[in-house]
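The structure appears below as structure tokens.
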Amino acid sequence: MQLISKVTILDGAQMRRVVRRMAGEILERNGGSSDLVLVGIRTRGVPLAEALAQELERMEGRAVPIGSLDITLYRDDLSTIAPQPVVRESHIPQPLDGRVAVLCDDVLYTGRTVRAALDALLDYGRPRRVELAVLVDRGHRELPVQADVVGKKVPTRAQEEIKVSFQATDGVDKVEILGREAKG
Amino acid sequence: MNARAWQRKDLLGIAELSPAEIQLILDTAESFREVAERPIKKVPTLRGKTVINLFFEASTRTRSSFEIAEKRLSADNLNFSTSGSALEKGETLIDTALNLEAMSPDLVVIRHRYPGVPHLLAGRLRSGIVNAGDGAHEHPTQALLDAFTIRRHKGRLDGLTVAIVGDIEHSRVVRSNIHLLTKMGSRVRVAGLRTMLPAGLEALGAEVFTDLEPAIAGADVVMMLRIQTERMNRKLFPSAREYFRLFALTRERLRAAREDAIVMHPGPMNRGVEIASDVADGPQSVILEQVAAGVAVRMAVLYLLSGVREEEA
């Protein structure tokens, strides 16, 4: 089934404003950026972490360490899918102990990715707190997971997809809903 | 079908692999390498999977390397070695394997002194088979870990000159290495005493030398093989001292290779026979890195094979 773009939810300017607000909320929650580590979940969480880090640095005048996390090895569906998905490298700035790790992902959906990411992250150390920042929360949770910082809540149908593009990886900043062509 | 998808149930040898499959294993291993650097060196990926290490021939380091790889992937593993087993009581190889399979392992890692045994079992068992060395035929994970180590240092495999020196005939690593390196675009030279050079190496794509210096001249990689001193009884070479004089890699001889050449050895090495101590411990030696690479490569192989079910293979 070919999915086509139905609606653009955020264009470039809107997306930059949303990211700026998310960075502000992260600072407010943590009273600054001194203990923060941003951890992007591969693949689209990484450019979000980078965009947030850029904003945080602009606001606070201090660089925030960024890591990337590949959750393939922690997926709960490895025995049901075949062949095996490609594993990519994780890179976590050490040490995490005593710091606040902010997991970043583009879309929060079933919550299974976040569950896997928590397991993966805790194998690297014991952060003082873990927070979750997502650009889009589209609902349909299958696990009791919620985000601390949300860019935009978007009610969706299960057949639809959310496509997030970043300047750094896709050449454009944009969030779209994809779905089948609407009838009539 | 996705070009990045692994489709084989077994890893029996390098000969049948495509360059893309080799690349996929090496890239996957790159991700697993990082697991060894974490505070918690274990991922839950193969939770609930069972791996049997079936070793019909003694092997300490290959088996340990597989064992660590299995444990770091959270698989349950079992070591089955032949001493004291039913094989000594007259059971056939196939019966032993079928009995093990009745316990429903997902993967069986096998080493045997006869070429082709892993292939034989792969046709009989539903479990995935990993060849951990079948005589002097193939030892695919060793070739993969060697290639992984070379690629980390040189950034590539194509266009490199790799010299493999020593007891070419009895080595279990040479064939797999020649297959792998030539497939990936390296030039392979092999060198050894005439008594240790089997026929047919040129047909595999290697250039054959009977002296050390011309073989390593300008090489990017010098891979030394173990000389088994027990072979002296078979008069393949007169003495360890004589061998050292003719074929050992010394600091002086290594100057013939490229200045940035790396020195490798699959172990266990005989210092003062095939390699001088100052070379083995020198700045160009990557011998211990090979050991670390072995765990990452074996994790990658176990991971990829465990995702293929029989009906798809």
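Okay, here's what the table says:
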read-out	value
Filtered residues of the range B:1-24 (kept if within 25 Å of residue B:105 (Cα to Cα), open to solvent by 50 Å² or more (accessible area, probe 1.4 Å) and more than 9 Å from chain A (Cβ to nearest Cβ))	B:8, B:16
All positions within the range A:34-89 that are of a type in the set (D, E, K, R) and more than 14 Å from every other protein chain (Cβ to nearest Cβ)	A:35, A:44, A:50, A:55, A:57, A:58, A:60, A:62
Filter result (closer than 14 Å to residue A:113 by Cβ and out of contact with any Lys or Arg (no Cβ under 6 Å at 6 or more places or on another chain)) within the range A:131-143	A:132, A:133, A:134, A:135, A:138, A:140, A:141, A:142
Filtered residues of the range A:93-125 (kept if within 11 Å of another protein chain (Cβ to nearest Cβ) and open to solvent by 10 Å² or more (accessible area, probe 1.4 Å))	A:94, A:95, A:97, A:119, A:122, A:123, A:125
Criterion (of a type in the set (A, V, I, L, M, F, W, C), at pLDDT 95 or above, outside any loop (DSSP other than H, G, I, E, B) and open to solvent by 30 Å² or more (accessible area, probe 1.4 Å)) met by exactly one of B:208, B:279	B:208
Residue check for residue B:51: open to solvent by less than 50 Å² (accessible area, probe 1.4 Å), closer than 18 Å to residue B:78 by Cα and either more than 12 Å from chain A (Cβ to nearest Cβ) or assigned to a loop (DSSP other than H, G, I, E, B) (or both)	yes
Residue check for residue A:28: surrounded by 15 or more Cβ atoms within 10 Å (Cβ to Cβ) and part of a helix (DSSP H, G or I)	no
Residues that are more than 8 Å from chain A (Cβ to nearest Cβ), of a type in the set (A, V, I, L, M, F, W, C) and either under 17 Å from the mean Cα position of the chain (by Cα) or assigned to a loop (DSSP other than H, G, I, E, B) (or both), drawn from the range B:25-48	B:25, B:26, B:29, B:46
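The values are calculated or read from the model by the stated rules, or taken from the named source; none is laboratory data. What you see is a predicted model; the values in this text were computed from it and never measured. Positions of Cβ are backbone-derived with ideal geometry, glycine not excepted, and every protein chain shown enters the neighbour counts. When the accessible area is computed, the model is the full protein with side chains, heavy atoms only, and any ligands, DNA or RNA have been set aside. Shrake-Rupley method; radii C 1.70, N 1.55, O 1.52, S 1.80 Å.
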